[in-house]
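Before any comments, here is the structure.
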């Protein structure tokens, strides 16, 4: 029997038992679909974390006010970061590329008859570069406008949406903060919420000097954003910053810092590792259903071999070799798995797209996972179809013809 004829016989057998073939493929369809969906969820979560890390800016860490310590015990007095600290760090930070002070408070922002309660951030003109922003609409304020205490505002990307206004239409419009008018001169690109941090898309940025003298009336800073010079490890910049602030705060050698240095990238990197483990776990659980589907195919093929015993005997009597019979049943098993794999890929991809569109989950369909799932489904058919095919090939033609 020729190979082409063997393949034709295998396909004819599948077409003759459509319902059985569909039920046989069901386990593979569910398994492959589950693998594609789970990997898409895990990969999407990893991409979201990577985007957040990139959105933080290159080589950036933050300094926050802390507590004073006496004898190793924290006192109730909270130490402040001040404008003078900012000036000292900017002056003496020889390893630092940029220093970005921030004053922040949750304030009412009014536009027409709309009211929002969002963070108002007073900062310097370099915040766009330090925080890796772009401005699709308008521009940011300059250092000269900061020094001149201009009443300019740059909006996070979500602010126009919350106000129900097109971002481009917000340029040159006036918003009120504590009754003080500010002209909107720019709208920032979207970054998305970064884990436990405030959503940067829901912030309003104004010049630092304007915030100091016209809005907040204080020299106390919420934080300092520090960008290390290119090609320098972040830790060196942290040591440089720490030495300056310890000197400014007159902290004795051996005493605890009264400020906190945080690297958001470390937090997000930990989250990234967790999502990777989660992705592998989800994929492993989903892959179990592929194995279960393979066992189902083996059971159905064994039943098929038993039902078609007389048919096998007739073919052997007409000259079919063991290889022909083995190939026929292997082709049947592999075809069932591969068709099931294709349908599973379509269902899994559709599920991932549906989760992203309707539930707003982060999903990313990985071409690698699609290829691996398809190849694995074919391998399942080959592995679990081998025993039934071998059993059919080894049948004695005389005993097979006598089978009732």
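Some observations on this one:
- Checking each residue in the range 141-187 for being at negative phi and in a loop (DSSP other than H, G, I, E, B) picks out 141, 142, 148, 150, 151, 156, 157, 165, 166, 171, 173.
- Residue check, residue 121 within 22 Å of residue 263 (Cβ to Cβ), modelled with pLDDT under 95 and in a strand (DSSP E or B): no
- You will find that of 215, 228, the residue that is buried (at least 17 other Cβ atoms within 10 Å of the Cβ), under 33 Å from the mean Cα position of the chain (by Cα) and either at pLDDT below 90 or assigned by TED's automatic domain parsing to the domain that holds residue 96 (or both) is 228 and no other.
- Out of 44, 27, sole residue that is assigned by TED's automatic domain parsing to the domain that holds residue 334, under 30 Å from residue 357 (Cβ atoms), part of a helix (DSSP H, G or I) and at pLDDT below 80: 27
- When the range 311-330 is filtered for residues that are surrounded by 20 or more Cβ atoms within 10 Å (Cβ to Cβ), within 13 Å of residue 396 (Cβ to Cβ) and within 55 Å of the chain's Cα centre (by Cα), the ones remaining, listed by number, are 312, 325.
- Residues in the range 303-325 that are assigned to a loop (DSSP other than H, G, I, E, B) and either touching a helix residue (DSSP H, G or I) at 6+ places or on another chain (Cβ under 6 Å) or under 19 Å from residue 14 (Cβ atoms) (or both): 308, 320.
- Residue in the range 353-373 that is assigned to a helix (DSSP H, G or I), in the same structural domain as residue 275 (by TED's automatic domain parsing) and over 26 Å from the mean Cα position of the chain (by Cα) present: no
- From the options 137, 141, 127, residue that is surrounded by 14 or more Cβ atoms within 10 Å (Cβ to Cβ) and either within 17 Å of residue 177 (Cβ to Cβ) or free of Cβ contacts under 8 Å to residues at least 12 places away in the same chain (or both): 141
The values are calculated or read from the model by the stated rules, or taken from the named source; none is laboratory data. Here the structure is a predicted model, which is why all the values come from computation and not from measurement. Glycine also receives a Cβ, built like all others from the backbone with ideal geometry; neighbour counts cover every protein chain displayed.
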